[in-house]
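Have a look at the structure below before the remarks.
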Amino acid sequence: RNKNQKMASAIITDANAFLVALLLLSLSHIPFSSSTIQQDFVMCLVDNSDASFPMDSSFFTRDLNASSYKMALETSAQNLRYLMPSNPKPEFIFEPLYETHVQAAVACAKKLQLHLRLRSGGHDYEGLSYVSEMETAFVIVDLSKLRHINVDLESNTAWVHAGASIGEVYYRIQEKSKVHGFPAGLCTSLGIGGHIIGGAYGSMMRKFGLGADNVLDARIVDADGKILNRAAMGEDVFWAIRGGGGGSFGVILAWKIKLVPVPETVTVFTVTKTLEQDGTRILYKWQQVADKLDEDLFIRAIIQPASKTPKSKERTISVSYQGQFLGDANRLMQVMQRSFPQLGLMKKDCVETSWIKSLMYIAGFPSTAPPEALLDGKSLFKNYFKAKSDYVEEPIPIEGLEGLWKKLLEEDSPLTIWNPYGGMMAKIPETETPFPHRSGTLFKIQWLTLWQDGKASEAKHMDWMRDMYSYMEQYVSKSPRAAYVNYRDLDLGMNGKGSDAREWGNKYFKGNFERLVKIKAKFDPENFFRHEQSIPTGLE
């Protein structure tokens, strides 16, 4: 048997060596500067790692395999605004199969002075995981093939690789237990590597906090290509990577997450109100109660224009209240009648289901979809879009809401989602992790505008977004006007553009920003891991 294993290993190695040779031969026909970079990187990878990975399905270059390169670049990228012909494209894309390949990729990029972009799920709102405007000669290390998940119910923990989607994580947990869960995102195609490093909020945040609040350990590749766990990286770096934003400190390989208890029965509902159904006053009341409701209850508001009638071209504003309750419908009705009767929730609106199916309901899966649908891991949301975020500390008055409705009705396809805080979110100190939006926050707003005709109408939609954002300034948090780092917004400022990093850093991290800068200066003093809004090594 051992002899056969050795023979098989030799065959694999020989076959891979042949593929490497074939790849290098192919690259020799590419224009000099581009082919030299690619050849040097491939040879460095072979020298610095176990080369037994399929080069033809791990290494993508537009000059050699244009269709595969295009697919690798675009498959997980959400924002089509950053996939237009005018956007810079990577020299090549490398998809590691093992953690040692990531080590080698970092070591080789550093040796060859190549700029890296790191991608796990491709959800970056400003495309920072797959586009570089600041350094146009760059490469992507895509972690999508690192997606192993190991759930251990005895310790109530799981190790999850960075390339796994949050939907896969949910599935693997429920595969082992119907009464364990994890408090993270509502979009199930999110890559968990980048999701948690920015905070990771979800429908159980009022009960258990953020995903980042429930991380026990991590493995990260530093700028020297070393794999470090929590003990090796130190508590400062471990603090920084739980909410400090992606692409600043290293490559997240895996998280060790803490599982939380969930009931066998979870209840979900959606109740929609228009302006004609007293929608403005109900939303005003929601602002007053959403952060004070039972911690088992999460009700978010999804707001967008809608037709007044099915056949009408005249538009109104629709507010859909989407709820998840960690319990049965009878107890939910008691909570709602006591705390938010204005919504008019009825028993017939409630759907009792399992925790995993409740997440699928919120994510928009058909009711007939099996949990296995979460294993697909592909995003169905692909648009040209611009996003921004806000935090609200005082209810927006009726006249403020009415002004917002006018703004929304001026735009083609705007969408805003309001997520309630309170509960556990108000109990965790704002310095506990870099994510500072805790006590005093009523809810977070996500602003979106979407379009389908690319560059043709981009300026119009961007102008609308900035005008609406300016209008809302009087109603949201101040000094700073806070923002969520996982809803990247380059309008707030960029590195290397003459702006003070504090302009955007304080918005994302408040008083935690300067601590992040000090940790960055010590851990990655050469600023190897960088992008347009990465943590700088110093402040002027």
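The values are calculated or read from the model by the stated rules, or taken from the named source; none is laboratory data. Since the model is a prediction, treat every value here as computed from it, not as a measurement. Cβ atoms come from the backbone with ideal geometry, glycine included; neighbour counts cover every protein chain shown. With ligands, DNA and RNA removed, areas are computed over all heavy atoms of the protein, side chains included. Shrake-Rupley method; radii C 1.70, N 1.55, O 1.52, S 1.80 Å.
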Ranking request for peptides 197-206, 457-466: highest mean number of other beta-carbon atoms within 10 Å first, then the rest in descending order.
197-206, 457-466
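Can you compute the helix-only [θ] at 222 nm over the chain? Use -39500 (n - 2.57) per DSSP H run of at least 4 residues, normalise by all residues, nearest 500 deg cm²/dmol. Kindly include the intermediate steps, with their values, before the conclusion.
Values: 17 runs with 178 residues, N = 540.
Calculated at 222 nm, the ellipticity per residue is -10000 deg cm²/dmol.
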Which far-off residues, 5 or more places away or on another chain, put their amide H under 5 Å from the one on residue 218, with H placed in the peptide plane?
230, 256
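Taking the Cβ of residue 537 as the center, what net charge do the other residues with Cβ under 10 Å away carry, scoring Lys and Arg +1 and Asp and Glu -1? Provide the component values of the computation, followed by the final result.
Details: positive: 518, 520, 522, 530; negative: 524, 526.
Its environment carries a net charge of +2.
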Please list, or write none, the lysines whose alpha carbon is within less than 20 Å of the alpha carbon of residue 347, excluding same-chain residues fewer than 8 places away.
273, 357
Local electrostatic count, residue 391, Cβ distance below 12 Å [Lys/Arg +1, Asp/Glu -1]
+2
With a 1.4 Å probe and every protein chain left in place, work out the accessible area per residue of segment 169-289 in Å², rounded to a whole number.
30 Å²
Using the alpha-carbon centroid of each, what span in Å lies between segment 304-324 and segment 222-272?
37 Å
Over all alpha-carbon pairs in the chain, figure out the percentage whose distance exceeds 37 Å.
31 percent
Can you pull a Stokes-Einstein diffusion coefficient for segment 237-276 at 25 °C (0.890 mPa s), Rh from Kirkwood over Cα pairs, as a whole number of µm²/s?
164 µm²/s
Excluding residues fewer than 8 positions from residue 89 in its own chain, the lysines with Cα under 27 Å of it are 70, 110, 111, 145, 378, 382, 386, 388, 455, 460, 497
For segment 76-208, with +1 on Lys and Arg beta carbons and -1 on Asp and Glu, the positive-most of 196, 180, 123 along the dipole:
180
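Which whole-number percent gives the relative contact order of the chain, counting Cα pairs below 8 Å spaced six or more residues apart? Let's see the in-between values first.
Working: 1094 pairs, mean separation 76.7, N = 540.
Relative contact order, the chain: 14 percent.
With every protein chain left in place, what is the accessible area per residue of segment 332-476 in square angstrom, probe 1.4 Å?
Working: 6290 Å² over 145 residues.
Spelled out: the 1.4 Å probe surface of segment 332-476, per residue, equals 43 Å².
Of the accessible area of the chain, with the probe set at 1.4 angstrom, what percent is carbon plus sulfur?
Numbers: 11300 of 21960 Å².
Answer for the chain: carbon and sulfur cover 51 percent of the accessible area.
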Per the C-alpha gyration tensor (a ≥ b ≥ c, the square roots of its eigenvalues), segment 329-476 is rounded if a/c is under 1.5, else prolate if a/b beats b/c, else oblate; here it's oblate
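Work through the residues other than residue 216 whose Cβ is under 15 Å from its Cβ and net out their charges, Lys, Arg +1 and Asp, Glu -1.
Numbers: positive: 219, 230, 242, 256, 258; negative: 152, 154, 213, 217, 235, 432.
Local net charge: -1.
Run through segment 101-164 and list the GluC sites (Glu not before Pro) located in a DSSP loop whose Cβ has at most 16 other Cβ atoms within 10 Å.
Numbers: sites: 126, 133, 135, 154; in loops: 126, 133, 135, 154.
When the GluC sites (Glu not before Pro) of segment 101-164 are filtered for loop state and at most 16 Cβ neighbours within 10 Å, 135, 154 remain.
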